[in-house]
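Worksheet: one structure, shown below.
The values are calculated or read from the model by the stated rules, or taken from the named source; none is laboratory data. Just so we're clear, the structure is a prediction, and the values are computed from it rather than from any experiment. Cβ placement follows ideal geometry from the backbone for every residue including glycine, while neighbour counts extend to all protein chains displayed. The protein model used for the area step is the full one, side chains on, heavy atoms only, and it has no ligands, DNA or RNA in it. Shrake-Rupley method; radii C 1.70, N 1.55, O 1.52, S 1.80 Å.
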Amino acid sequence: MSLRRFFINPTDITGETAQLTGPEAHHLRAVLRLTPGDPITFFDGTGARYQARIEQILKDRVTATIIGHTRDLPPKVRLHLGQALLKGQKMDLILQKATELGVDAIWPFYSEHGIHKPQREAQMERWQRIVREACKQCDRAKPPEIHDTREITDLMAHPPPCEIRLIFWEHEARQTLDEVLAGQEKDCRAVFFLLGPEGGFSETEVACAQQEGFAPVSLGPRILRAETATLAATAILQFTLGNLNPVHPEDQEKTPCAPLSKG
Ligand code: SAH
């Protein structure tokens, strides 16, 4: 039922009444042609998921009654993806799939052999749209944070808080991911992992990463395309860290349907 999930501004929910406006309301009315009485789901972008029922459909707004709400359980281990900027639409693909796979935050970076286009505001808006659409498709209540693009050296020197740092490197001939994670997983709350551009990481970048405490790890003897490597690394990490286990609906964090704002 991906088509029945909508993002709503938290301030547009008052008590048990939600007012959907703008493109999401247009989509509900003109594209999906839903009608009063239909069940829908709202995400408020902060992690809350509301089950609701459509009451009234007007030209510029839809009103709905909130029936209940839940929040996604936090992952056992947070995953921060450091991604070199890629050409064309490959970044779009990565953002979409990383959202589906449950990455918590995405940190794009410029690197020696990658592209250096300065970031435009329109690009960030596009990326935000992509992750929100992916959330609707995969029933994820909170989109991953997308950070501004930084230089790789800056990112390596000031990484997000994490216990394990990895750099996926096709020339790593010794260390396996298993070996690096062995024993460290237990107390680990967050992992930060770097994936390079089409041109790969330079030797200097890998050396610098090692100095900053990043362990180089391999994805096997074949050189994967940049986007394949990112998706494989993400899925493997999520599985290994226990973030792909099923969650029974009863275990979802249930909170009483309390109004967010009075009015
Ligand atoms: N230009 C390089 C390949 C870069 S592949 C060459 O042709 O030699 C793009 C990125 O994917 C790399 O920077 C790395 O982060 C990741 N990658 C690809 N294959 C990998 C492998 N076998 N092991 C670890 N990382 C890999």
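Putting +1 on Lys and Arg Cβ atoms and -1 on Asp and Glu Cβ atoms, find which of Leu194, Pro36, Trp169 reaches farthest to the positive end of the dipole of the chain.
Toward the positive end, the furthest listed residue is Pro36.
For Thr14 and Gln211, compute 0.36 nm times the residue count separating them, minus their Cα-Cα distance, and round to one decimal in nm.
65.8 nm
Long-range amide H contacts for Leu194: which residues qualify at under 5 Å (H placed 1.01 Å from N, peptide plane, sequence gap of 5 or more or a different chain)?
Gly82, Leu166, Ile167, Phe168
Show which aspartates and glutamates lie in cross-link reach of Lys136 when reach means a straight Cα distance below 20 angstrom and same-chain residues fewer than eight apart are skipped.
Asp12, Glu24, Asp38, Asp44, Asp72, Asp92, Glu100, Asp104, Glu125, Glu145, Glu253
How large a share of the accessible area of the chain, in percent, is made up of carbon and sulfur atoms when the probe is 1.4 Å and the other protein chains stay in place?
51 percent
Over the range 145-195, calculate the relative contact order: mean separation of alpha carbon pairs under 8 Å at least 6 apart, over the residue count, as a percent.
Once normalised by length, the contact order is 53 percent.
Subtract the Cα-Cα distance of Glu198 and Met124 from 0.36 nm times their separation in residues, and report this length gain in nm to one decimal.
This chain segment gains 24.5 nm when fully extended.
Which residues among the range 7-47 fall inside the zone where the amide N is under 14 Å from a point 7 Å beyond the Cα of Glu145, along Cα→Cβ?
46-47
Excluding Asn9 itself, calculate the net charge of residues whose Cβ lies under 13 Å from the Cβ of Asn9, where each Lys or Arg counts +1 and each Asp or Glu counts -1.
Charge balance near Asn9 sits at -1.
Please report the antiparallel percentage of the DSSP beta bridges confined to the chain, to the nearest 5.
Percentage antiparallel, nearest 5: 50.
Relative to the Cα centre, what is the charge dipole magnitude of the range 155-253, using +1 at the beta carbon of each Lys and Arg, -1 at the beta carbon of each Asp and Glu, and rounding to the nearest 20 debye?
Its charge dipole is roughly 200 debye.
What whole-number value in cubic angstrom gives the convex hull volume per residue for the C-alpha atoms of the range 101-201?
In the range 101-201, the Cα convex hull volume per residue is 133 Å³.
Holding the Cα-Cα limit at 31 Å, pick out from Lys59/Lys97; Lys87/Lys186; Lys59/Lys90; Lys76/Lys97 the pairs that are longer than that.
The answer is Lys59/Lys97; Lys87/Lys186; Lys59/Lys90.
Work out how much length Gln89 to Glu185 would gain on full extension: take 0.36 nm times their residue separation and subtract the Cα-Cα distance, in nm to one decimal.
31.2 nm
Which value, in debye to the nearest 20, describes the size of the charge dipole of the range 78-240 about its Cα centre when Lys and Arg Cβ atoms bear +1, Asp and Glu Cβ atoms bear -1, and nothing else is charged?
540 debye
Tell me, what is the per residue accessible area of the chain in Å², probe radius 1.4 Å?
Each residue of the chain exposes 52 Å² on average to a 1.4 Å probe.
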